[in-house]
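Note sheet for the following structure.
The values are calculated or read from the model by the stated rules, or taken from the named source; none is laboratory data. A quick note: this is a predicted structure, and the numbers were derived from the prediction, not measured. Cβ coordinates were reconstructed from backbone atoms using ideal geometry, including for glycine residues, and neighbour counts include every protein chain displayed. To get the accessible areas, we keep the full protein, side chains included, count just its heavy atoms, and leave off ligands, DNA and RNA. Shrake-Rupley method; radii C 1.70, N 1.55, O 1.52, S 1.80 Å.
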Amino acid sequence: MDHFHYRNRILHCEDVPIRQLADLYGTPLFVYSKATLLHHLGQIQKAFAAVEPLICYSIKTNGNLHICRLLGEAGSGFDVTSGGELYRALNAGGSGDKIVFAGVGKTDAEIRYALANDVFLFNVESEAELHNLAEVARSAGKIAGVALRVNPDLPPKTHIKTDTSVKGVKFGLDIDTVLDVARGFVGNPHVRILGLHMHLGSPILSTRPYQEGMAKGLMLIERLRQQEHPISVWNMGGGFGIHYRKQEALPAQAFAEVIVPAVQKAKCRLVLEPGRFIAGNAGILVSRVLFTKESGGKHFLIQDAAMNDLIRPTLYDSFHRIWPVEPREGLPAPPDDYEADIPNTIQQDVVGPVCESGDFLAKDRRLPMLKRGDVLAIFSAGAYGMAMSSNYNSRPRAAEVLVDGARHRLIRRRETYEDLIRPELEV
Ligand SMILES: *Cc1c(COP(=O)(O)O)cnc(C)c1O
């Protein structure tokens, strides 16, 4: 459920008409719903309440400080994948004891920074990394808490670029090497192996991978304990899918039914790292039509949001629903099925101004004929939207607005031309 809905044929975020925000703040514009963010976090908190999990919001999904602070104040910790994300987490009010640090390539400087802030766990992905972590911890006079990230070698689940638990990806320790690696660190004075970490890929629309992952995890935890590692934490990562095309995602409760019993059986503290589930449907990208054109037998809808604002369609072949915020007479609110024959629509490629053929937000999409100035909503853009944006083609990054009931607030101003050249020093 989210709080973007058509009221009298006008798209609102909570109680604010999107058109009003586009006029006030300009486009392209990311609009987030506070109620939706908190609702999604709350769904996970409620579904997993029986095991009192530590929920660590995955900052890489959407790292805006205002959003992180909101989630932190609602009880969330943070999953960070770099020193920069740790900096964000701390600036959003996060504290080390609720932060987990992932990533296959942590630098010494990042490790020292994380140790200085007493992060709860390092998710460690290779033997070499474990040796290095021990060395840096020794020289810093600290003991690093570790969860071993295991690649459980499951069948493919998502897009090739977002599947993280199949054989042959860079993530995690191969499941058949974990025990050999762990054996070498029993009683190590600088690293303490406290947990197991799995992140199965994203977005996942079935409980099956979790079922398979939990079964393998239970076995591993038992073996690690036999080696005398004091395993007390089980981190199941993120990956819960959301509604992109239609109502296709599972409720948090469905995942809880699979994960909770295994965690109880293992007598572990559960950590979760949800990102997309919280932020994905809590944000939209708002754009304005510039031109339409026909070329090579195709219709192009040229609008002012581009691949630098939302790279998912071209990077992952992702589908984002797109619809005018004030559809004209005779048009429905967004159709349930874009492939169906919607009256008064034609197939169009929705493209931006960037100089790349890969600059599109949708291909062969049924949309009404639109005019210059019409405002569009690109839905489900709250996760991996702004976070993956760039300045390509020297396009200033979009502004971000947070809506709370009938109120709205700019939480990141639109970048300026001066912002673009500032880090390049004086010429
Ligand atoms: C990206 C990532 C997440 C968040 O994934 P979502 O699908 O957005 O929930 C969590 N944990 C790790 C280790 C990740 O890399």
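What number goes with the only condition from (1) exposed (fewer than 14 other Cβ atoms within 10 Å of the Cβ); (2) within 17 Å of Glu127 (Cβ to Cβ) that Gly172 does not pass?
Failed condition: (1).
Given the conditions (1) closer than 23 Å to Ile221 by Cβ; (2) without any contact (Cβ under 8 Å) to a residue 24 or more places away in the chain; (3) part of a loop (DSSP other than H, G, I, E, B), and given that Lys157 satisfies all but one, which numbered condition is not satisfied?
(2)
Let me confirm something: among Ala92, Ala74, which residue is in the same structural domain as Arg269 (by TED's automatic domain parsing), among the small types (Gly, Ala, Ser) and in contact with a Gly (Cβ under 7 Å, 6 or more places away or on another chain)?
None of the others qualify; the one that does is Ala92.
Hey, can you tell me all the residues within the stretch 393-426 that are part of a loop (DSSP other than H, G, I, E, B) and touching a residue at least 40 places away in the same chain (Cβ under 8 Å)? Break it down stepwise before answering.
Kept after step one, since they are part of a loop (DSSP other than H, G, I, E, B), are these residues of the stretch 393-426: 395-398, 405-406, 413-416, 425-426.
If the condition is that a residue be part of a loop (DSSP other than H, G, I, E, B) and touching a residue at least 40 places away in the same chain (Cβ under 8 Å), then Arg395, Arg397, Ala398, Gly405, Ala406, Arg414 are the ones that fit.
Table: residues versus (1) out of contact with any Asp or Glu (no Cβ under 6 Å at 6 or more places or on another chain); (2) assigned by TED's automatic domain parsing to the domain that holds Leu196.
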residue: Gln253; (1), (2): yes, yes
residue: Ala256; (1), (2): yes, yes
residue: Val260; (1), (2): yes, yes
residue: Arg269; (1), (2): yes, yes
residue: Gly296; (1), (2): yes, no
residue: Met307; (1), (2): no, no
residue: Arg312; (1), (2): yes, no
residue: Ser318; (1), (2): yes, no
residue: Glu326; (1), (2): yes, no
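Could you grab me the full set of residues in the stretch 374-392 that are surrounded by 19 or more Cβ atoms within 10 Å (Cβ to Cβ) and outside any loop (DSSP other than H, G, I, E, B)?
Those that are surrounded by 19 or more Cβ atoms within 10 Å (Cβ to Cβ) and outside any loop (DSSP other than H, G, I, E, B): Val375, Leu376, Ala377, Ile378, Met386.
With Gly94, Gly105, Gly83, Gly72 as the choices, which residue is within 20 Å of the chain's Cα centre (by Cα), away from the ligand (no atom under 15 Å from the Cβ) and open to solvent by 20 Å² or more (accessible area, probe 1.4 Å)?
Just one listed residue meets the conditions, Gly72.
Can you pull out every residue in the stretch 182-209 that is open to solvent by less than 10 Å² (accessible area, probe 1.4 Å) and of a type in the set (A, V, I, L, M)?
Scanning the stretch 182-209 gives Ala182, Val191, Ile193, Leu196, Met198, Leu200, Ile204.
How many of the residues making up the stretch 202-224 are closer than 25 Å to Asp97 by Cα and within 16 Å of the ligand (Cβ to nearest atom)?
Selection size over the stretch 202-224: 1.
State all residues of the stretch 225-246 that are part of a loop (DSSP other than H, G, I, E, B) and more than 15 Å from the ligand (Cβ to nearest atom); if no residue qualifies, say none.
Answer for the stretch 225-246, where residues must be part of a loop (DSSP other than H, G, I, E, B) and more than 15 Å from the ligand (Cβ to nearest atom): Gln227, Glu228, His229, Pro230, Ile231, Ser232, Arg245, Lys246.
Please work out which one of (1) within 16 Å of the ligand (Cβ to nearest atom); (2) more than 27 Å from Ile259 (Cα to Cα) is the condition Gly187 fails and give its number.
Every condition holds for Gly187 apart from (1).
Among the residues of the stretch 243-263, what is the count of those that are among the polar types (S, T, N, Q) and farther than 16 Å from Pro274 by Cα?
Going through the stretch 243-263 one residue at a time, the tally reaches 1.
Among Val124, Val51, which is the only one that is open to solvent by less than 10 Å² (accessible area, probe 1.4 Å), over 26 Å from His3 (Cα atoms), assigned by TED's automatic domain parsing to the domain that holds Val169 and touching a strand residue (DSSP E or B) at 6+ places or on another chain (Cβ under 8 Å)?
Matching residue, one of Val124, Val51: Val124.
Suppose we keep only residues that are within 17 Å of the chain's Cα centre (by Cα) and more than 14 Å from the ligand (Cβ to nearest atom) within the stretch 16-41. Which one would you say is surrounded by the fewest Cβ atoms within 10 Å (Cβ to Cβ)?
Once the filter is applied, the top-ranked residue is His39.
Of (1) part of a helix (DSSP H, G or I); (2) modelled with pLDDT under 95; (3) among the charged types (D, E, K, R), Glu222 satisfies all except one. Which?
Here Glu222 meets the rest and fails (2).
Would you please list the contacts, defined by Cβ atoms under 9 Å and residues six or more apart or on different chains, that run from a residue in the stretch 95-123 that is closer than 14 Å to Val233 by Cα to a residue that is at pLDDT below 95 and within 14 Å of the ligand (Cβ to nearest atom)?
Correct list of pairs: Asn123/Gly103; Asn123/Gly172; Asn123/His199.
Among the residues of the stretch 247-296, what is the count of those that are within 25 Å of Phe4 (Cα to Cα), more than 16 Å from the ligand (Cβ to nearest atom) and in a helix (DSSP H, G or I)?
1
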